[in-house]
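Input: a single structure, listed below in structure tokens.
Where a number appears in this text, it was derived from the coordinates with a stated rule and is not lab data. Since the structure is predicted, the reported quantities are computational estimates derived from the model, not experimental observations. All Cβ positions, glycine included, derive from the backbone under ideal geometry; neighbour counts span all protein chains shown.
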Amino acid sequence: MSNKLVKFLSLTLISNLIYLGLTNPATAKPKSPESAESAESAESAETRASDFGLPTHRRDGGSRSSRDSCVTNSENSNLMALIPQKTVGMNAAASPQLFFYVPKLKNSSTLEFVLRNEQDQLIYETFLSTEGNGIISIKVPAEDKSNLLKPNQNYHWYLSMICNNQERSRDIVVEGWMRQGRLNLATQQQLNKASSLEKAEIYRQQGFWFDALSALTEDPTSMAEETMIRQKWSEMLVSVGLENLASKPFIDTKLVKNPANFR
């Protein structure tokens, strides 16, 4: 191939590239606020699927002797956190609500819930009593502003079943992490107009596990909505491999008045 031909082809290629750049300027445009927000949402959704390298143990690892001392021998005899198996649950509410399954107990037992930040500073602690065999919810109160979670921070939670308050090393424990996220403006506007069921689906699609479950515990406006909420609750638990707990009832807990006896 002659030098003249090579030079001609090179100039032709450069001209075409310049032409394409001029006729397709959109590829070089900066992102609009709307597209930037969409990109941020997509990035956040991808991040929410991560475990952030943080350990989660939704099923208790208690010894058989510890379990035999306070739990009856039944099909579902493990203390369980209602969370995904391998991913850190995302949360949007500044005062989160967590859900646990407590197995059937031989006697009324005391539970200790603890929430700490990444610096291992205590955010919230409470002691509850229950007879077990159902789902309990624990909500971090919003009245104390020091309890409120901060965006883009990780929080470590524990739930301990105290079988012997003189020997706390025998506690049955589940633990995990939650990451405090932030909703974009479009999602907040959707939630302001949504029903409980719609809120749960919006939160689920955005990756906010704890908020989705919490939305399903709001009072339904009709019998039909209550039925759909029950179905949605079941679907969410099945989706994370907790189908054996999908039909378990909610049970009451009582605040322990003298928690110093258990510390």
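For the range 136-148, just list the computed ³J(HN,Hα) in residue order, Karplus coefficients 6.51, -1.76 and 1.60, θ = phi - 60°, integers in Hz, with x standing in for Gly and Pro.
10, 10, 10, 10, 6, x, 8, 4, 8, 4, 5, 7, 5
Using the Karplus equation 6.51 cos²θ - 1.76 cosθ + 1.60 (θ = phi - 60°), what ³J(HN,Hα) coupling, rounded to whole Hz, does each residue of the range 105-121 give in order, writing x for Gly and Pro?
For the range 105-121, the Karplus-derived couplings read 9, 5, 9, 4, 10, 9, 10, 10, 10, 10, 10, 10, 8, 5, 8, 6, 7 Hz, x marking Gly and Pro.
What does the highest-first list of 183-190, 157-164 look like by mean Cβ count within 10 Å?
Details: 183-190: 13.8, 157-164: 21.0.
By packing density, highest mean first, the sequence is 157-164, 183-190.
Take peptides 100-113, 240-253 and line them up by average Cβ neighbours within 10 Å, highest first, as a rough protection proxy.
Working: 100-113: 19.1, 240-253: 14.0.
The most tightly packed comes first, giving 100-113, 240-253.
How fast does the range 176-231 diffuse by Stokes-Einstein, in µm²/s, taking the Kirkwood radius from C-alpha pairs at 25 °C and 0.890 mPa s? If you can, show how the numbers build up before the last one.
On the way: Rh = 11.9 Å.
Answer, rounded: 207 µm²/s.
Based on the Cα gyration tensor of the range 41-262, what are the three equivalent ellipsoid semi-axes, each the root of five times an eigenvalue, rounded to whole Å and given largest first? Don't skip to the end; give the middle numbers.
Working: eigenvalues 163, 84, 54 Å².
Over the Cα atoms of the range 41-262, the ellipsoid semi-axes are 29, 21, 16 Å.
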